[in-house]
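Undergrad: This structure is in structure tokens; I'll ask about it shortly.
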Amino acid sequence: MRQIARTQARGRRKTPAGPFGARFVAHRHRCVLCQSRFVKGFSLNPVHRKAPATLRQVAQEANVSMATISRYLNGHLKVTPETEGRILAAIKKLDYRANFLAKSLAQGQTKMLGVYTPRVTSPFYNQIRLGVEMEVGQSDYVCLSISGEYQHRQEEEVLRMVIERQVDGIFVFGSEIADERLLELSGHLPMAVFGHRIEGPRACSICIDNTPAATAAVRYLIAEGHRDIAFIGPRNPRNDLLERLEGYKIALQDAGLPFRPELLVQGEFTEPGGGAAVEVLAARGVHYSAVFCTNDQMAYGANLELHRRGLKVPDDVSLIGFDDLYTSAYINPPLTTVLQPAHDVGRELGRAMLKMLAGETPELHTPDLRLIVRQSTRSLR
């Protein structure tokens, strides 16, 4: 046993003491090919790892010229079934991967599109993004998503960084940057925008008119007998949100009801923001029988805070949101809300971008908004 222990000890390789006095033993493994020892973490000795196959090697293996295989891979040349079989077999055998960077430099395109959203966690803007990616995914472009977190200065910096990375085009959703500035930035690359009204040689946009939709939602509450209707919206003065506030005021005015500032609460455009708004209304001590929220996320938060305060939706307070997020049909109770077809908007913008990249002029169609009545509202009549 002592002899075995001494043999094992001689087999261990000690490294010099480290800066803190500790000694470490280098973990080594044997190569599956030559059985030589090498550092843990690989199955092969580094000397056996092959460099990526080149186009020249594939051409030689398939017995065709480099020009032939290059034009074939780029979709510019049709070859006989026999030649195609040899090319595909060579690609599989050599595990060939195209050098995308070199190809992009040669063509003057990166085949990448930037997607800017105010907040990467926003479920509404994510629906638009998914629509864009579904449409763009049918081409050879890929999307790079990035967020500005509702900060105006950060938005400018983010857009500049995306443009400097040589994307071929950019999508902008709900930015607080002025229309004139966005139009100026579109001089660098094609731009498809949601939430602004800009048109230019390389710019197109979809901007939904929120005022009529908000007016219809509040009119519905008034028709159900509600007179004290609170308005919950965000602090940031974006165009679409100002339009929803304007629609709220129009509905009140048309019904002969006064606009009461004490029923207007502004906060964060999130679930916690909606909950905090209900707390503000409670602190003010105002009476209300219904709440119109400028997005579904705020409505979720308001619903939860009302529940915490012992108020039931819709028995005690009716609640309406805006956007019709996917989850709005599944909360308790299912939310009455204004349908804003975000996914369709994304697909429309994706088609427009591909047309601009192809040198064509896109024709955008703005989808209609409509009220979806569920179980979060009730009649007082």
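Undergrad: Here are 337, 361, 366: which of them is crowded, with 20+ Cβ neighbours inside 10 Å, of a type in the set (Ser, Thr, Tyr) and not in a helix (DSSP H, G or I)?
TA: On inspection, the qualifying residue turns out to be 337.
Undergrad: Looking at region 220-235 only, could you name the residues that are within 16 Å of residue 374 (Cα to Cα), in contact (Cβ under 8 Å) with a residue 12 or more places away in the chain and assigned to a helix (DSSP H, G or I)?
TA: The answer is 220, 221.
Undergrad: Testing residue 197 on (1) surrounded by 14 or more Cβ atoms within 10 Å (Cβ to Cβ); (2) out of contact with any Leu (no Cβ under 7 Å at 6 or more places or on another chain); (3) under 16 Å from residue 345 (Cβ atoms); (4) of a type outside the set (Ser, Thr, Tyr), one condition comes back false. Which one is that?
TA: That leaves (1) as the condition not met.
Undergrad: Scan (1) assigned to a loop (DSSP other than H, G, I, E, B); (2) aliphatic (A, V, I, L, M); (3) surrounded by fewer than 20 Cβ atoms within 10 Å (Cβ to Cβ) for the single condition residue 371 breaks and write down its number.
TA: Condition not satisfied by residue 371: (1).
Undergrad: Could we say that residue 316 is acidic (Asp, Glu) and buried (at least 24 other Cβ atoms within 10 Å of the Cβ) here?
TA: No, not satisfied.
Undergrad: Among the numbered conditions (1) open to solvent by less than 10 Å² (accessible area, probe 1.4 Å); (2) aliphatic (A, V, I, L, M); (3) under 23 Å from residue 243 (Cα atoms), tell me where residue 353 comes up short.
TA: Exception for residue 353: condition (3).
Undergrad: Further, regarding this structure: Does any residue of region 346-367 turn out to be within 16 Å of residue 124 (Cβ to Cβ) and touching a His at 6+ places or on another chain (Cβ under 9 Å)?
TA: yes
Undergrad: So which of 111, 78 ends up being basic (Lys, Arg), surrounded by fewer than 18 Cβ atoms within 10 Å (Cβ to Cβ), modelled with pLDDT of 80 or more and under 19 Å from residue 350 (Cα atoms)?
TA: On inspection, the qualifying residue turns out to be 111.
Undergrad: Can you work out which of the residues in region 276-298 that are of a type in the set (D, E, K, R) and open to solvent by 10 Å² or more (accessible area, probe 1.4 Å) is farthest from residue 335 (Cα to Cα)?
TA: Out of the qualifying residues, it is 284.
The values are calculated or read from the model by the stated rules, or taken from the named source; none is laboratory data. Keep in mind that what you see is a predicted model, and the values were worked out from it rather than measured. Every residue, glycine as well, gets a Cβ built from its backbone with ideal geometry; the counts of neighbours run over all protein chains shown. SASA here: full protein model, heavy atoms, side chains in, ligands and nucleic acids out. Shrake-Rupley method; radii C 1.70, N 1.55, O 1.52, S 1.80 Å.
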